[in-house]
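Student: Here it is: the structure, laid out below.
The values are calculated or read from the model by the stated rules, or taken from the named source; none is laboratory data. As the structure is a prediction and not an experimental result, all values here were calculated from the model. Positions of Cβ are generated from backbone atoms using ideal geometry, with glycine treated the same way; all protein chains shown enter the neighbour counts. Areas reflect the complete protein model, heavy atoms only, side chains present, ligands, DNA and RNA absent. Shrake-Rupley method; radii C 1.70, N 1.55, O 1.52, S 1.80 Å.
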Amino acid sequence: MTVGKRRRQPSLAQLRAFAAVAEHLHFRDAAAAIGMSQPALSGAVSALEETLGVTLVERTTRKVLLSPAGERLAARTKAVLEEVGALMEEADALRAPFTGALRLGVIPTVAPYLLPTVLRLVHDRYPHLDLQVHEEQTANLLDGLAVGRLDLLLLAVPLGVPGVTELPLFDEDFVLVTPLEHPLGGRDGIPRDALRELNLLLLDEGHCLRDQALDICREAGRAGVPATTTAAGLSTLVQLVAGGLGVTLLPRTAVQVETTRSSRLLTGCFTDPAPTRRIALAMRTGAARAAEYEELAAALREAMSDLPVRIVRS
């Protein structure tokens, strides 16, 4: 098979010169409009005609006219130049920090309690940032980050995943949520080993908070927790506690939202050091927008300082 000779492509300078002539129908005025000398503009239009193989302009001693081909191609030339301009504008926006789309993945045990702070910060400080939020479990979020579907994650750490950099935000304690009549309800200084004997309710498999609760139980000397009753979300879990089916662990940021829905709940605090979890942003190591994400992490630490957490200073 014979491959035909590749045709030359017109340059942007040639297209701009022709567009100016088509608009002004005068070489001197067109040259002044785009900052070219008149000979250079005339040469650019001639070069474009040679490249395209058609006559675009009819030159007379008194005026400039577009040929039929020039009439048809003038509109197309203008459209091409407008698209190039739009391309450059978008590139400029991408170079500017906190503009364009940012796809943020958030775990379900964080989203309802931290997103109000995140959204308020973005609205007030980064109004040109197009924040797109995706609530998913940790495994799905990490997959999305790896393949480029997501840009940044807000979740519990440590992850221990190669190629992922964590930007810690804060540590928060867990509290014990009990039914109204439970002997540990409302107490301070609850020892961790109390968890050995409690009927602890957990989230479904796949939630990192379930794994954290199990880790806390193991640290307290409990071998495991029978999965007789589980829940898909913290709201359901707390309602099960209110119904007397057991007790559960809540991160402190969730307490105000979840426990005010029922008058049949009490919260108890563990003795120091209380069981905790750490929340962080996570990004691909070496991400092009790494400096931007680090700045966002610093802004979030400041914005979250009023929450019942301990900010992790970088």
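Student: Within the set of pairs 6+ apart or on separate chains, which have a first residue in segment 184-198 that is within 15 Å of Leu266 (Cα to Cα) and assigned to a loop (DSSP other than H, G, I, E, B), a second that is hydrophobic (A, V, I, L, M, F, W, C) and open to solvent by 20 Å² or more (accessible area, probe 1.4 Å), and C-beta atoms under 7 Å apart?
Tutor: The qualifying pairs are Leu184/Ala194; Gly185/Leu266; Gly186/Leu266; Asp188/Cys269.
Student: Only one of these is modelled with pLDDT under 80 and within 30 Å of Leu104 (Cβ to Cβ): Thr230, Thr259. Name it.
Tutor: On inspection, the qualifying residue turns out to be Thr230.
Student: Something else about it: Name the single residue, out of those in segment 57-107 being within 30 Å of Val147 (Cα to Cα) and basic (Lys, Arg), that is modelled with the highest pLDDT.
Tutor: Checked segment 57-107; the qualifying residue modelled with the highest pLDDT is Arg103.
Student: With the checklist (1) touching a residue at least 24 places away in the same chain (Cβ under 8 Å); (2) open to solvent by less than 50 Å² (accessible area, probe 1.4 Å); (3) not in a helix (DSSP H, G or I) in hand, flag the one item Thr253 doesn't pass.
Tutor: (3)
Student: Which number in (1) touching a residue at least 12 places away in the same chain (Cβ under 8 Å); (2) of a type in the set (D, E, K, R); (3) under 24 Å from Thr271 (Cα atoms) marks the one condition that Arg218 misses?
Tutor: (1)
Student: Got a sec? Which of Ala290, Ala274, Ala242 is under 24 Å from the mean Cα position of the chain (by Cα), open to solvent by less than 60 Å² (accessible area, probe 1.4 Å) and aliphatic (A, V, I, L, M)?
Tutor: So the residue among Ala290, Ala274, Ala242 that is under 24 Å from the mean Cα position of the chain (by Cα), open to solvent by less than 60 Å² (accessible area, probe 1.4 Å) and aliphatic (A, V, I, L, M) is Ala290.
Student: For segment 94-134, give me the residue count where each residue is in contact (Cβ under 8 Å) with a residue 60 or more places away in the chain and closer than 24 Å to Thr236 by Cα.
Tutor: Residues meeting the conditions: 8.
Student: With respect to Ala139, determine if the residue is surrounded by fewer than 18 Cβ atoms within 10 Å (Cβ to Cβ) and closer than 24 Å to Ala287 by Cβ.
Tutor: Yes: the conditions hold for Ala139.
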